[in-house]
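Step one of this worksheet: look at the structure below.
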Amino acid sequence: MVMTPSEVIEAVAPVAEAILPAASSRIERALLAAELARLATVNPQIIATIWNPKTCPVELLPWLAQGVSVDIWSDSWDESRKRQVIAASPMVHRLKGTLGAVRRALAAFELETEIVEWWQDGSRRGTFRVEIVYRHGSPVFDIETQGYAIEAVDAAKPKSRVFATRAALEARGRLSIAAYGRTALSATAHPYAFDPPVLRASAFVGATAATLISATAHSRPS
């Protein structure tokens, strides 16, 4: 049997009266009864979906992000990235201040990264470097996403550690080499006389076959 809204409100009215003080007004009791009636129609199983980053309704994701203390957030992200950042947040906070927290924060952005610590490359003691690698077939270079990833590293790392970043672009393509023959002739005339007149001719052979002839003519003195 399906109850009408008025029947539901009437059914929960005694509960509203029991909750409120005896001096409450009729309007206060009516408002509480209406709210209790609304809550009675909500499926309690939906609460489990709200706290799950995989099943939470997309319009509630910003509030779920606040609930799990996401450090870096943008409403401009696509739905997939929002869910990944939310899912990573609890473990990032558990490991905050460690290398594991930095790795998990970076993984949420789906970037290929490598962390190089100071003792691995002889850098200044206590520092580390985050290298973001863009390969053929991987996500394209995106300065905005890279900026968010760097902010996430700064939020997850030990506060006493200084770090640097480096973006490495690995390109793959076909190299073509071509050659062609060319002949050029140039002449220059000067108003002054030089003795003797100069005539030069040179042949150059390089990546392209070329023959260059240059001549300089001077006026004869009067």
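The values are calculated or read from the model by the stated rules, or taken from the named source; none is laboratory data. Just so it is clear, the structure is predicted and the values come from calculations on it, not from any experiment. Please note: Cβ atoms are built from the backbone with ideal geometry, for glycine as well, and neighbour counts cover all protein chains shown. Accessible surface is based on the protein model in full, side chains and every heavy atom, while ligands, DNA and RNA are left aside. Shrake-Rupley method; radii C 1.70, N 1.55, O 1.52, S 1.80 Å.
General remarks:
- Measuring only protein heavy atoms, the 1.4 Å probe finds residue 75 accessible over about 110 Å².
- Set of lysines with alpha-carbon distance to residue 159 below 22 Å, sequence-local pairs under 8 removed: 96
- Cross-link partners of residue 82 among lysines (Cα-Cα below 18 Å; sequence separation of 8 or more within a chain): 54
- Overall form of segment 54-156 per C-alpha gyration tensor (a/c, 1.5; a/b vs b/c): oblate
- Positive minus negative residues near residue 81 (Lys, Arg vs Asp, Glu; Cβ under 12 Å): -4
- Segment 1-119, Rg to Rh (Cα coordinates; Rh as Kirkwood inverse mean 1/r): 1.25
- Positive minus negative residues near residue 16 (Lys, Arg vs Asp, Glu; Cβ under 10 Å): -2
- Pair-distance profile P(r), taking every C-alpha pair of segment 1-60, with 5 angstrom steps and integer %: 3, 18, 21, 14, 13, 13, 12, 5, 1, 0
- As a length-normalised measure over Cα pairs under 8 Å and 6 or more apart, the relative contact order of segment 29-89 settles at 28 percent.
- For segment 42-126, GluC sites (Glu not before Pro) are listed when DSSP marks them as loop and at most 15 other Cβ atoms sit within 10 Å of their Cβ; the list is 110.
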